[in-house]
Structure formats: structure tokens, C-alpha cells
Amino acid sequence: MKEQETVLCIGEVLWDALPDGLYLGGAPLNVCYHLNQLGIRAEMCSRVGRDRLGREAFRRITKKGIKVTHIQLDDEAETGFVEVEVNENGEPEYEIIEPVAWDFIAPNSALTQAVEQSWGIVFGTLCQRSPESRSTIQQLWDWDAKKILDLNFRPPHVNKTTVQSSLQVADILKMNDVELERLQKWYTLPSDGKQAVEALADTFDCPVICITEGSRGARLYREGRWYRHEGYSVEARDSVGAGDAFLAALIYGIQHQKGGAELLQYANAAGSLVARKNGATPDYDIGELEKIMV
């Protein structure tokens, strides 16, 4: 029997080297963490090395209450590592090392069973930079779980063919305004943002598309209707993980059948809360989130 609330997140587990220290991250892992914080059963699938950072990743992931059943160990490749610098606008800039363990996520029967029992699967395009992980992720598209695509363009790891394949299966799409501009150029979409999103929704038959705009909030196109939220005024420390918290709260709202306006309220509150804290997976609870929404 399918667990209606379970979400499977698949992709990179890595360490973000910020100016003030090492933080465990990777967009799919961050989303998985925030889903669990919001009370949604979420599992993580990735791969780490049999090295010090891999062991520490296992320890911290377990400590945060995330199951490690589908996190594989690699005897040769090292655990993912990213140099992150925060620019003067508080926005992260990345140098992503390759190849690393999460480039070699392998299919297996336990993973197949997990996606069979899931309400949705969260994936991105970065982890599909390698043929091994790309093949594993795309095999999971055969099941009827909702496909939740987080574009997360990280140059130079941006491949139009991979992006298009991902868009073709997406039921829920989240991207930022810069990523939308890239799609507008690729597909010769209208210059107007709303018209471009509507064209994307029609072309790829995607009923839910959300565009994040940093401190300006976000826009949501859901089943032919537009919604907008201006965001919450917060003093941001860094925005690493804010988009991942946003997506987790968006999924929370969809699962709980919230209306479009309320979806954006929850999602913006989650993103703002994480932006005011250090690291991508800070400790917080639903009460702290709802205080922002008041």
C-alpha cells in the first residue's frame, strides 16, 4: 500500500565550505530535512565515500532524524564537497568538485520499492551531470509518484538535454527568476515572465510552476491561476538552503491541500526563516515558522 505522505528525495549529499565552517548540504538533502521538520515523512537517496566526511555525513544525517537506508557507500569516490562564497548580496556562489560519490548513485530493489510507496520524488538537474546517477534518477520516473523538479542550475553543470527530459516529466516545478531567464532563451519563450511560465506549463503539461525571486518573494502558477507573495522582511545571514526550505514548505502545502495564496505564505516563511540563520539545515520548528506568518 502506498504511503500517501512519503516523499523520496534523490541527489547530491555534499559539504558546503562556507567562510565560517563546514555545513552538510546538497539541495535534495536539504529539502528532505525541511520536509521532516514540517512533519512529512521523507527519505533520502544518495551516495557518499568511505572517508572521514562520509562518516561524518552519516552521523549528522542520522542525528537529524533522516533515514540513511538509501544512502550508498562508495569505496573509491570521495564524498561531495563544494567551495561556497557568499557575495555582497548574501547570495551563495559555488565551486562544485567532480567526480564525487553522488555521481555514482546506483539502482537497486530497495530504491525501487521506496519510490513505489512514495507520494512524490524530489530531484534536480545537478545530480544528473553524470551518466550513472542520471540513469538511476530517470529510471524512477517510470512510477506514478509525483515528479517534483528543482532546477537548481549550477554552471557549468547545466545540460539542456537533461533539463528538457526533466521538464517533460515534472508535475511540480520550482526555479528562480534567473533560471526562468535561461529557459526563456533556450525555448524562445515570451519576454514577459508570466507569459513565459504559461507557455512552459502548456508545452510540458506541468500544472504547478513556482518562481522564487529572492527578497522579492515568489510567484506561483497553479492549474491556470496566478498567485504572488511579496515575501517577509528579514535580516538575512546567508541564503544557502533557503530555496530548499521554500520547496519543502510548498510540498507541505500541496499535500495538505492548501490554496495557492496560503501555499506561498508557508513557502516564503520557510525560506525567510532559513535565510536568517547560518547553514542550509538550521534547527527550527513549525511554531517558529508560523510566527513569521502572523
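The values are calculated or read from the model by the stated rules, or taken from the named source; none is laboratory data. Fair warning: this is a prediction, and the values are worked out from it, not measured in the lab. When we count neighbours, we look across all protein chains shown, and the Cβ atoms used for this are built from the backbone with ideal geometry, even at glycine.
Quick check on my filter: what residues within region 82-122 are at pLDDT below 95 and of a type in the set (A, V, I, L, M, F, W, C)?
The answer is 82, 84, 86, 96, 97.
Which residue, of 166, 130, 191, is over 22 Å from residue 265 (Cα atoms), hydroxyl-bearing (Ser, Thr, Tyr) and in contact with a strand residue (DSSP E or B) (Cβ under 6 Å, 6 or more places away or on another chain)? Full working, then the answer.
Details: 130 fails: in contact with a strand residue (DSSP E or B) (Cβ under 6 Å, 6 or more places away or on another chain); 191 fails: in contact with a strand residue (DSSP E or B) (Cβ under 6 Å, 6 or more places away or on another chain).
Answer to the check: 166.
Taking strands (runs of 3 or more DSSP E) that fall entirely within region 1-103, which contain at least 3 residues that are under 18 Å from the mean Cα position of the chain (by Cα)? Working first, answer last.
Details: elements: 7-10, 14-18, 21-25, 42-49, 70-74, 80-86, 92-96.
Per the criteria, 7-10, 14-18, 21-25, 42-49, 80-86, 92-96.
Just give me the residues in region 140-158 being outside any helix (DSSP H, G or I) and in contact with a helix residue (DSSP H, G or I) (Cβ under 7 Å, 6 or more places away or on another chain), in sequence order.
Result: 143, 145, 147, 148, 149, 150, 151, 152, 153, 154, 157.
Name every residue in region 36-81 that is over 23 Å from residue 154 (Cβ atoms) and of a type in the set (Gly, Ala, Ser), in order of residue number.
39, 65
If you go through region 87-106 one residue at a time, how many are surrounded by 15 or more Cβ atoms within 10 Å (Cβ to Cβ), closer than 22 Å to residue 58 by Cβ and touching a helix residue (DSSP H, G or I) at 6+ places or on another chain (Cβ under 8 Å)?
Matching residues across region 87-106 total 6.
Give 39, 49 a once-over and let me know the one that is closer than 18 Å to residue 133 by Cβ, of a type outside the set (S, T, N, Q) and surrounded by fewer than 24 Cβ atoms within 10 Å (Cβ to Cβ). Working first, answer last.
Numbers: 39 fails: closer than 18 Å to residue 133 by Cβ.
Checking each option against the conditions leaves just 49.
From 137, 121, grab the single residue that is touching a strand residue (DSSP E or B) at 6+ places or on another chain (Cβ under 7 Å) and either surrounded by fewer than 17 Cβ atoms within 10 Å (Cβ to Cβ) or part of a helix (DSSP H, G or I) (or both).
On inspection, the qualifying residue turns out to be 137.
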